[in-house]
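What follows is one structure encoded as structure tokens, with my remarks underneath.
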Amino acid sequence: MADLSNNLAGIKSPNPFWLASAPPTNSGYQVMRAFEAGWGGVVWKTLGDPIVNVTSRFAALNWKQNRVIGLNNIELITDRPLDENLKEIRECKKAFPDRAIIGSLMEVPVREKWHELVKAVQDAGVDGFELNFGCPHGMSERGMGSAVGQQPDLIEMVTSYAVEAAELPVIVKLTPNITDIRHCARAAARGGAAAVSMINTINSLIGVDLETWNPIPHVDGKSSHGGYCGPAVKPIALNMVNECARDAEVPIPISGIGGISNWQDAVEFFLLGATNVQVCTAVMHHGFSIVEDMIDGLNNYLDARGLKAASELIGAAQNRVTTWENLNLNYKIVAEINQETCIHCSKCYIACEDAAHQCIDRNVVNGTAVLVVDADHCVGCNLCMMVCPVEDCITMAEIDTGLPPESWKQRSAALVS
Amino acid sequence: MATLPQLGEPIHKPLTDLEIRLEANRCLYCYDAPCMRACPTHIDVASFIGKIATGNLKGSARVILEANAMGASCARVCPTEELCEGACVYKKDDTPIRIGDLQRYAVDHVRNNGIDLFEPGHPTGKRVAIVGGGPAGLSTARDLRLFGHAVTIFEAHEELNGLNTYGIVPFRLDYDVALWEAKQVVDLGVDVKTKTRVGVDVSFDALLKDFDAVIVACGMGGVPKLGIPGETLPGVWDALDFIERAKLGKSVGNLGKHVAVIGAGNTAIDALTCSKRLGAERVTMYYRRGEEQMTAYQFEYDFAKQEGIEFRFFCAPTKIVGEAHVGAVEFVRTEIPKGAGKPSPVPVPGSAFVEKVDTVIRAIGQSRLNDVFKAAGIETDDGVVKVDDELRTTRKGVWAAGDCIFAKGMREAMVVEAAEQGKIAARSVSAFLGVSR
């Protein structure tokens, strides 16, 4: 049994799996159930002046038979009075003292208001704060959420307001609806944040109903852009986490958020620089019990690799990501098709023929298509492997070019000199 | 007329919307797909399944029916395990895509919603006669109408669609579906003369005189006699007559306790399962060869076993015994002599035995309509109309398609083959008439 305990900027939890501030952490009832299921921590549904919500609120992107590969929401922060939330936070903390409870906060950028909110929530016994500078819908129209997160100056300023009153670590949750998230993360660090969390949801509109022409989701025939999350956003989140993890001006830990559905997703976030992860959509889809396999799977993975602690994964592969100019131009791979496992669907052929480099030869022998890679012309793009429905039928084999590694940066420098 | 209650529930229920969605999305949409190659009519299966997945059911049905005018019946009676589904790339590691069920779903969409997909071509002024309104005749008629030729079908029965209407058990192919399928063709403006026998009610020469081309698509005749004593006793049936009466809800009298079906093809299976469903206590198939040589499809054989049918291999009837009605059948054991080819079984000396039987149904294949071919002046080979690659007979201006050109082989004639032959014949006829697409 590996050590799964987590420490994000001094906030301790028995495992690195937290619930993100979202519908699953709306009430004490839900948080109690989540802790019973095994979640290491929760970021409470954002606290602030209670709002009024609309119906409907969510919509999903489905792909083929897969439901909810992406989720869009136009729900706002808590619609319940602050006192009620704080009372439930106290009860949850008392029942589960070893778990982390983070108070997510949203407020207009006024120093006194932030001090007041921070102190009230601190008194309820939370383990830290997360400043919601990310929600892209609704609240942003009122100068909060991503309206703050899209301006580094405001991020720094408002972060400092919270830090001034906080006796506990302050996490700043960032919006991905910006051009370069590093500027926002740096601003949070300058403002005194102990950690950053990312990504909040992405501006989105799920679709249009082809019968009614109503946007999806709609409220009495109209919609508003929402926040997008779920498995489909994971690659965007991974890149942003990694960019910040490698940035010298972001010297604080990162809580990774965005499309994490299982232990495998979590391991990827850890390897690329996240200290822990937060989950929402997968729970909205499957319930709190998914954490059991997240814990079990992570543990077995660590054991299988001979690692003693989950913390050993943090950032372990983060520097394998670099800029394009540093990639080795002399590295060469070509596709190989395993004739034993090939089912002759020709998906690789048509993909290569129409969309890549026309280097799969196809011969129909006795009614069966035999597919062979023309290794001399294969550029190693991976497309055939990607579209092949059979796992490991198409593999990419490394070819020894006999040439030393050379990057574009090195080659262009050599050309100049 | 709906599926008749006396024969019970359909064997195969349509897939639910959820099953359809899962299945349509499971398809890989292979390039130059093996299923399409395996289909005698070359339906672009990947295309029609892809259209189901995008909710374009009308487009899906068009892809199917453009390639195969008999798409509704084929979805129900095709031996898909041996054709499209047998070729599915998933067969190797997983379950093949349920292509037949998906096809049924798409075609049922246009059937249930009264959607018209085709329009006749611009009139060419040419007239074509089709002898026989079964699957081959209907398929030919449909494509000839798309070319714009005037078409008249001469059909001996009261209704069109041949064995689809009369010869396939309703729990496999519903009467309504067969008639709907025929109506789609007729609605393109086909003149239909039902209850009209060519050679009896109208002469073949008259057809040749009144039409620019003639297609012989008359299928085959009744089940031949067994050639043993006692065959004229009441209680002895031709399987096709028996199935037709049962399908139309007409009385077949009291079958008694034990029904014996002679033969081992798909029609024999239909006669067996019909008898069982009509209440016979024991229903037994008798076949002079072995299980391996049965011409019925494996899935038909499996179905018959599930229905509680008994099987006796290597035995042949020698005499039907009875006073005023069948009472017993005398059989003899058979064996197949060693030798090249497919030697005929021979009786085993001293192996005679008697079975108490109340009804005998013979299902040993179909006779050839030699009189029609003779009247048409077209050459045959052992009762099979001789045709070239374009299905031209030996007589100019006369084509043939369907079961009448089906040479005796290991397997039975298929609706899907008839549908393809209709396409080929229509194309050839049209080219002959100076119109091509």
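Using Cα positions and a limit of under 25 Å, work out the lysines in reach of residue A:222, with same-chain residues fewer than 8 apart set aside. Output for residue A:222: empty list, no partners. In terms of the Cα gyration tensor, with a ≥ b ≥ c the square roots of its eigenvalues, is segment B:236-362 rounded because a/c is under 1.5, prolate because a/b exceeds b/c, or oblate? It comes out oblate by the Cα gyration axes. Of the trypsin sites (Lys or Arg not before Pro) found in segment B:318-366, the ones in coil according to DSSP and having at most 13 other Cβ atoms within 10 Å of their Cβ are B:338. Going by neighbour counts of Cβ atoms within 10 Å, the residues A:45, A:308 line up, fewest first, as A:308, A:45.
The lysines whose alpha-carbon is closer than 17 Å to the alpha-carbon of residue A:234, local same-chain residues fewer than 8 away aside, are A:173.
Shown in residue order for segment A:312-328 are the 3J(HN,Hα) couplings computed by the Karplus curve 6.51 cos²θ - 1.76 cosθ + 1.60 at θ = phi - 60°: 5, 7, 4, x, 4, 10, 5, 8, 7, 9, 9, 8, 4, 5, 9, 7, 6 Hz (x for Gly and Pro). For chain A, DSSP calls about 50 percent of its internal beta bridges antiparallel. Helix A:152-165 and the longest principal axis of the C-alpha atoms of chain A enclose an angle of approximately 40°.
Per residue of peptide A:342-348, the mean number of Cβ atoms on other chains within 10 Å of the residue Cβ is 6. Looking at the protein assembly as shown, the DSSP beta bridges with both ends there are about 45 percent antiparallel.
Sparsely packed loop sites in segment A:337-417 (the GluC sites (Glu not before Pro) outside DSSP H, G, I, E and B with at most 15 other Cβ atoms within 10 Å) comprise A:340, A:391, A:406. Spatial offset of segment A:38-107 relative to segment B:181-211 amounts to 74 Å, using the alpha carbon center of each. For the cross-link pairs B:193/B:342; B:225/B:276; B:126/B:374; B:91/B:183; A:64/A:93, the ones whose C-alpha atoms lie over 30 Å apart are B:193/B:342; B:91/B:183; A:64/A:93. Cβ crowding within 10 Å, taken as a proxy for footprinting-reagent exposure, orders B:73, A:204, B:275, A:27 from fewest neighbours to most as A:27, A:204, B:275, B:73.
Taking the number of Cβ atoms within 10 Å of each Cβ as an exposure proxy, the fewest-first ranking of B:110, B:200, B:192, A:279 is B:200, B:192, B:110, A:279. Residues considered: A:339, A:318, A:65. Largest GNM mean-square fluctuation over chain A, using C-alpha springs under 10 Å, is found at A:339. Any idea what angle helix A:290-304 forms with the longest principal axis of chain A, computed on alpha-carbon atoms, 0 to 90 degrees, nearest 10? Once rounded, one gets 50 degrees.
Every number in this text was worked out from the coordinates using simple rules, so none of it is lab data. Computed from a prediction, not measured in an experiment: that's the story for all the values here. Cβ: placed from backbone, ideal geometry, glycine included. Neighbour counts: every protein chain shown.
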